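Chemist: Below you will find the structure I want to go over with you.
The values are calculated or read from the model by the stated rules, or taken from the named source; none is laboratory data. It should be emphasised that the depicted structure is a prediction, and the values quoted were computed from it without experimental measurement. Note that we place each Cβ from the backbone using ideal geometry, even for glycine, and neighbour counts take in every protein chain shown. Side chains are part of the model used for accessible areas, which takes the heavy atoms of the whole protein and leaves out ligands, DNA and RNA. Shrake-Rupley method; radii C 1.70, N 1.55, O 1.52, S 1.80 Å.
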Amino acid sequence: MTWFENVNKIQYEGPKSKNPLAFKFYNPEEQINGQSMEEFLRFGIAYWHTFTADLSDPFGAGTALRNWDKYDGMDRAKARVEAAFEFFDKIGAKYFCFHDVDIAPEGDSLRESNKNQDTIVALIKDYMKDSDVKLLWNTANNFTNPRFVHGAASSNNADVFAYSAAKVKKQLEIGKELGGENYVFWGGREGYETLLNTDLGLEQDNLARFFQMAVDYAKEIDFGAQFLIEPKPKEPTTHQYDFDSQSAHAFLLKYGLQDHFKLNIEANHATLAGHTFEHELRYARVNGILGSVDANQGDPLLGWDTDEFPADIYSTTLAMYEIIKNGGLGSGGLNFDAKVRRGSFEQEDLFYAHIAGMDHFAVGYKVASQLVEDKVFENIIDDRYASYKEGIGKDIVEGKADFKSLEEYALNLKEIKNKSGRLEVIKATINQYLLNAYAE
Ligand code: XLS
Ligand code: CA
Ligand code: CA
């Protein structure tokens, strides 16, 4: 039985290939800095967008044609597992990610939902035995069902807090069962719609209590996955508590959770927060909390979370620069939390889209490696901050200056000379690296 009969295993054919079912830039075996592209990039497939979603949007019904949709319920869930593992093998991705509700339907009770999870998890485990695909992360969907209308861990309703905890407990057990390398918390409904009926202080305290319970339980069952918080500023709530990297970091520090969590940075969430993707990565990197990446992009003309496949090689280059400077993503990876457009409804579009995403990150990786090797940004920054390497600047960073010594210094300054930031030449240099990387 095959679910993608028109597609064979995707091969690398090089930049000149015109075959839409081949990689042009992602060559899994190519060595960069003593590591293969495959080892460094750690691509992951998002189960929800690729196998579960039907491409509906708030204005229209689903358009996706998926041949496993001829089944219903648990039969469909089983067919999806088969299709998923065929897809992982053909596209050559070594990781996948899922929410509980992506892999198995919810039952009429929590008990029945858990039973459905167990059946499908056993099947996934069987497939994993025969392949080298690993679980990058799993998570509990505590946002879709109407019970989460007022939030999950930050709900005003303690019964919902308890129910949410039970769902995360189950997913921690499943993560352990499947050898998950990370576990994600995305607070889709952890925020508020209006302050007029919200106890913001209690909600945040409860969210922290919830995270601490998760940390304690993972320890109790000896589940060593890296915990990740995925920031997003809004959507579906008006204001989400894990707004961006910086606010998620402040939250972790306030509640003493910083040793247990890193961040899962999503490109589209960065732009929704009014930041660039690289800003979010940089903030996480310099603070030692860059854990994993949800690789997609938004549409600057649409103000919502469009989760498009990454196509902007300027952005993937600057993102890969951060990841290289971070020394890679450790147990994290590049998960395509991206969906084909509603108009790209054929099954083969899933391959075209992932090939494009993988190629665009491969380009970014290659160009960023060259930028790092040539110390392009390092030299610019060294030169720009040179005033802190000697004299008064050195005193400041070494803690030898105070307001009195600085005043004395300033009173004797004859003239302040600034240097140009040279932004135009820097941008031109990046474009030159991009254009030259594959020139003959
Ligand atoms: C939604 C989020 C979500 C998380 C996992 O915007 O990206 O899919 O990645 O719950
Ligand atoms: Ca995401
Ligand atoms: Ca998203």
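Chemist: Sorted from largest to smallest, which semi-axis lengths in Å does the alpha carbon gyration tensor of the range 171-248 give for its equivalent ellipsoid, taking the root of 5 times each eigenvalue?
Modeler: On the way: eigenvalues 143, 37, 18 Å².
For the range 171-248, the ellipsoid semi-axes come out as 27, 14, 10 Å.
Chemist: Please report how far the C-alpha centroid of the range 174-230 lies from that of the range 259-307, rounded to the nearest whole angstrom.
Modeler: Each part reduced to its Cα centre gives a spacing of 18 Å.
Chemist: Q212 to K18: FRET efficiency via 1/(1 + (r/R0)^6), r the Cβ-Cβ distance, R0 56 Å, to the nearest 0.05?
Modeler: Values: r = 55 Å, r/R0 = 0.97.
Efficiency, rounded to the nearest 0.05: 0.55.
Chemist: Still on this structure: Could you tell me what percent of the accessible area of the range 60-133 is made up of carbon and sulfur, with a 1.4 Å probe and every protein chain present? The partial results should precede the final answer.
Modeler: Working: 1560 of 3380 Å².
C and S atoms contribute 46 percent here.
Chemist: Any idea how far the Cα center of the range 341-366 sits from the one of the range 64-106, in Å?
Modeler: 18 Å
Chemist: Right, something else. Mean residue ellipticity at 222 nm from the helices of the chain, using -39,500 (n - 2.57) per DSSP H segment of n ≥ 4 over the full residue count, to the nearest 500 deg cm²/dmol? Present the calculation step by step, with values, prior to reporting the outcome.
Modeler: Values: 15 runs with 193 residues, N = 440.
Result for the chain: -14000 deg cm²/dmol, rounded to the nearest 500.
Chemist: With point charges of +1 on the Cβ of Lys and Arg and -1 on the Cβ of Asp and Glu, referenced to the Cα centre of the chain, which listed residue (G343, P233, V121) lies farthest in the positive direction of the dipole?
Modeler: Farthest towards the positive end: P233.
Chemist: Along the Cα→Cβ direction, 7 angstrom out, place labels at F403 and I416. What is the inter-label distance in nm?
Modeler: 1.7 nm
Chemist: Loop-only check: which chymotrypsin sites (Phe, Trp or Tyr not before Pro) in the range 1-84 are DSSP coil with at most 10 other Cβ within 10 angstrom?
Modeler: Numbers: sites: W3, F4, Y12, F23, F25, Y26, F40, F43, Y47, W48, F51, F59, W68, Y71; in loops: W3, F4, F25, Y26, F59, Y71.
Qualifying residues, ordered by number: F59.
Chemist: Each residue of the range 179-194 in turn: what ³J(HN,Hα) in whole Hz from Karplus with 6.51, -1.76, 1.60 and θ = phi - 60°, glycine and Pro shown as x?
Modeler: So the Karplus estimates, Gly and Pro as x, are x, x, 8, 9, 9, 9, 10, 10, x, x, 10, 8, x, 9, 9, 8 Hz.
Chemist: Whole number please: convex hull volume per residue of the Cα set in the chain, in Å³? Spell out each step's value before the answer.
Modeler: Working: hull volume 81.7 nm³, N = 440.
Measuring per residue, one finds 186 Å³ for the Cα hull of the chain.
Chemist: Let me ask something else about it. Considering only protein heavy atoms, what per residue accessible area in square angstrom results for the chain with a 1.4 angstrom probe?
Modeler: Values: 21750 Å² over 440 residues.
Averaged over the residues of the chain, the accessible area is 49 Å².
Chemist: Could you look at the range 208-254 and say what percent of its accessible area is carbon and sulfur, using a 1.4 Å probe and all protein chains?
Modeler: Working: 1080 of 2080 Å².
Reported share for carbon and sulfur atoms: 52 percent.
Chemist: Another question, then. In the range 208-262, what trypsin sites (Lys or Arg not before Pro) fall in a loop by DSSP, with at most 16 other Cβ atoms inside 10 Å?
Modeler: On the way: sites: R209, K219, K234, K254, K262; in loops: K234.
Those that pass, being in a loop and sparsely packed, are K234.
Chemist: Taking R0 as 51 Å, what's the FRET efficiency between I426 and T144 from their Cβ-Cβ distance, rounded to 0.05?
Modeler: Details: r = 44 Å, r/R0 = 0.86.
For I426 and T144, the calculated efficiency is 0.70.
Chemist: About the Cα centre of the chain, what is the dipole size in debye to 20, counting +1 per Lys and Arg Cβ and -1 per Asp and Glu Cβ, all else neutral?
Modeler: Dipole size: approximately 480 debye.
Chemist: What length, rounded to one decimal in nm, is gained on full extension from N156 through to K9, with 0.36 nm per residue of separation minus their alpha-carbon distance? Before the final figure, lay out the partial values.
Modeler: Values: separation 147, 0.36 × 147 = 52.92 nm, distance 4.97 nm.
Full extension from N156 to K9 adds 48.0 nm.
Chemist: Past 22 Å, Cα to Cα: identify those pairs from K90/K115; K115/K170; K129/K339; K9/K134; K18/K94, in the order given. Working shown, then result.
Modeler: On the way: K90/K115 30 Å; K115/K170 11 Å; K129/K339 28 Å; K9/K134 18 Å; K18/K94 25 Å.
Distance filter (> 22 Å) returns K90/K115; K129/K339; K18/K94.
Chemist: Restricting to DSSP loop positions (anything but H, G, I, E, B) with no more than 16 other Cβ atoms inside 10 Å of their own Cβ, which chymotrypsin sites (Phe, Trp or Tyr not before Pro) remain in the range 309-371?
Modeler: Working: sites: Y314, Y321, F336, F345, F351, Y352, F361, Y365; in loops: F345.
In loop regions of the range 309-371 (DSSP not H, G, I, E or B), the sparsely surrounded chymotrypsin sites (Phe, Trp or Tyr not before Pro) are F345.
Chemist: Moving on to the next point. Have a look at the range 1-91 and give its Rg and Dmax from the Cα atoms, expressed in angstrom.
Modeler: Here Rg and the maximum Cα pair distance are 16.3, 49 Å.
Chemist: On to the next question. Averaging over all projection directions, find the projected area of the Cα convex hull of the range 330-424 and quote it in nm² with one decimal place. Spell out each step's value before the answer.
Modeler: On the way: hull surface 47.6 nm².
So the Cα hull casts an average projection of 11.9 nm².
Chemist: Considering the Cα trace of the range 86-147, what is its radius of gyration and what is Dmax, both in angstroms?
Modeler: 13.2, 38
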